[in-house]
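Accompanying notes for the structure given below.
Read-outs: derived from the displayed coordinates by stated rules, not from any lab. No experiment lies behind these values; they were computed from the predicted model shown. So basically every Cβ, Gly included, is an ideal-geometry build from the backbone, and we count neighbours across all protein chains shown.
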Ligand SMILES: [Zn+2]
């Protein structure tokens, strides 16, 4: 099986509900999404998918320069964001795993 991996950054603001501490206040992150897409077949092109195509798709769906609390009904934790993007991307590509990092130290992964 082949797995291709793409990374894309986006900047967004959020605040956390159901939480006591610094993160209940509005603040921002430079997020990183890491998308893993797998295929058991390799087309003649030698590419599972064109990286450019996936990159363009991610740019369309990522909430760059948005306040996540205004965009989504769910509490915008990295856990919920990873699951959300997994479900969205799965409609178009055979995604195996989505990681959402809010900085270099902290992130969440959702996988099938
Ligand atoms: Zn935060």
*Can you tell me which residue in segment 44-66 is nearest to the ligand (Cβ to nearest atom), limited to those that are surrounded by 15 or more Cβ atoms within 10 Å (Cβ to Cβ) and farther than 12 Å from residue 85 by Cβ?*
66
*From the list 87, 104, 79, which one is within 11 Å of the chain's Cα centre (by Cα) and within 19 Å of residue 28 (Cα to Cα)?*
79
*within 15 Å of the ligand (Cβ to nearest atom), closer than 14 Å to residue 110 by Cβ and surrounded by 13 or more Cβ atoms within 10 Å (Cβ to Cβ) - does that describe any residue in segment 82-89?*
yes
*Going through segment 1-43 one residue at a time, which ones are within 13 Å of the ligand (Cβ to nearest atom), closer than 18 Å to residue 101 by Cβ and either touching a residue at least 40 places away in the same chain (Cβ under 8 Å) or surrounded by 16 or more Cβ atoms within 10 Å (Cβ to Cβ) (or both)?*
11, 12, 13, 14, 16, 29, 30, 31
